[in-house]
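Please treat every number below as a calculation from the coordinates, not as lab data. This is a predicted model, so every value here is computed, not measured. Positions of Cβ are generated from backbone atoms using ideal geometry, with glycine treated the same way; all protein chains shown enter the neighbour counts.
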Number of protein chains: 2
Amino acid sequence: MEQRTYNQYCATARTLDLVGERWTLLLVRELLTGPKRFGDLQHSLRGLGTGLLAARMKHLEREGLVHKVTLPPPARTAAYALTRAGEELGPAVLALARWGLKWAMDEPREQETFHPGWAVLGLRACFDAEAATGLHALYEFRVEEEIFHARIDDGTIETVHGPAQHPDVTITIGGEVFRDLAAGRSTLAEAINNGAASASGDQQALRRLHQLFRLPRPQTRSAAQAPAS
Amino acid sequence: MEQRTYNQYCATARTLDLVGERWTLLLVRELLTGPKRFGDLQHSLRGLGTGLLAARMKHLEREGLVHKVTLPPPARTAAYALTRAGEELGPAVLALARWGLKWAMDEPREQETFHPGWAVLGLRACFDAEAATGLHALYEFRVEEEIFHARIDDGTIETVHGPAQHPDVTITIGGEVFRDLAAGRSTLAEAINNGAASASGDQQALRRLHQLFRLPRPQTRSAAQAPAS
DNA sequence: CGGCATCCATTTTGATACTG
DNA sequence: CAGTATCAAAATGGATGCCG
């Protein structure tokens, strides 16, 4: 395995040698919101068979980007988690997501799957650090059956799968609304006004939340275009 | 073509549908330092055949990331350039490069090729915007037969293939030294002291240059490691 | 359920020869 | 030099079965 290399002494190429194969960066994306079990990973990634998934995870493990953990009680089952090196791929994945939010997220297509965790990462991708100066807050998102939380500490954001301990605000929202929101086709304020979402908790923290994400204005990639430089 | 899609309504997955195939991001990398001809691209990317290269460029063109241009005189030949959308993949490519600089750039391996343009992009990846506040300068790098320039304007950097008009500083340097420098295994100051590089022009701009790039301390990805979270 | 091997149809790729 | 045509090798997708 991994005999196929670009053979270039270049940081980008070396990185792509490690994580450029099909599915690999999406596996990293899944783990960026916390450890996941083998089955969870496969469930999120339709089209990825057990054989290839096992091969990819073994590769990531061998390369030191992922390691096996035992989930804390009461779960106690085995799962995969990112190592420090794996976690630091976050900025690269989020950069790809930012580009996609601006240039590739038109209407959802038939056939396309969606999981709330992707939208959570989408929010994280357009987190505006400046807008969060001085803010320390814990937000919980209850999207259909899935729960996530975002911890904001003065310009930093952490988004994790699972409930929060003592959230300042809890947002309850349907999957489709949440999807539209993360794709910039709706806002949280609108959704709450609509009744499509509800928020409870610290009202001031909620007001800050509205300002924290700066979604790019979607653009179309027309093939006929003036030079970039 | 492009029938293979992840079918996920996710910004990262949609982006990878467009540029996640083998070679594609490396082609973007090549074009990030300016337009290139078909043959130049193939020359830089050993192992990429003409058939696949043609298919990739056609795909990128159809998707509006690349377009054909006619090089200005005296060249006048056809070339490929990034569109606005393509150019904006820069941050994602540079994020991958930053990760690689930290976690994947050990010694060059036998068989690995190297082109100065990659190192130029490596420098750009670790450009420190804060260190460049108030600086407006044009640097020219003459690496073996290749010439690049970097234009710095107060926190922004632009790196382009080709000579500069009226550079403030011109650095002449060998390919291997430049390679080591961009991989963090040497510094420009050392290279100049060694005589491995020479610089002429505005001495103050040269002093600033030394401070502009913050290379990450290389790390090893040990598979046996404590959890990241 | 987690994890892995095996078999097979389909795609993707790599390498080379060939054409305007 | 820019690209097409062709073919062999490799990667992928999907199904299935096995084992603890």
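Brief remarks on what is shown
- Ascending count of other beta-carbon atoms within 10 Å, so fewest first, for A:121, B:138: B:138, A:121
- Close amide-amide hydrogen proximity is noted between residue A:37 and A:80, each under 5 Å apart and 5 or more residues distant or on a separate chain (H modeled in the peptide plane; Pro and chain starts excluded).
- For residue A:40, inter-copy label distances in nm, listed shortest first [label point 7 Å out on the Cα-Cβ vector]: 4.7
- Global form of chain A, assessed from the alpha-carbon gyration tensor, a/c cut-off 1.5: oblate
- The residue of chain A whose Cβ sits closest to the rotation axis that maps A onto B, together with that distance in whole Å, is A:95, 2.
- Between copies, the label points at residue B:207 (set 7 angstrom from Cα along Cα-to-Cβ) are spaced 4.9 nm, reported in nanometres from shortest to longest.
- For A:29, B:207, order by how many other beta-carbon atoms lie within 10 Å, fewest first: B:207, A:29
- Karplus-based coupling profile of region A:91-106, in residue order and whole Hz: x, 5, 5, 5, 5, 4, 5, 4, 4, x, 4, 7, 10, 9, 9, 7, with θ = phi - 60° in 6.51 cos²θ - 1.76 cosθ + 1.60 and x standing for Gly or Pro.
- In this assembly of identical copies, the label point of residue A:61 (Cα plus 7 Å along Cα-to-Cβ) is separated from its counterparts by 4.6 nm, sorted shortest first.
- Least to most buried among B:156, B:15 (fewest other Cβ within 10 Å first): B:156, B:15
- For chain B, adding -39500 (n - 2.57) for each run of n ≥ 4 DSSP H residues and dividing by the number of residues yields -11000 deg cm²/dmol at 222 nm.
- Within the same chain, lysines fewer than 8 places from residue B:68 are excluded, and of the rest, those with a Cα less than 30 Å from its Cα are A:102, B:36, B:58.
- The GluC sites (Glu not before Pro) of region B:1-46 meeting both criteria, a DSSP state outside H, G, I, E and B (loop) and at most 12 other C-beta atoms within 10 angstrom of the site's C-beta, are B:2.
- Gap separating the Cα centres of region B:102-164 and region A:57-87, nearest whole Å: 35 Å
- Whether region A:116-210 is rounded, prolate or oblate, judged on the alpha carbon gyration tensor where a/c under 1.5 counts as rounded: rounded
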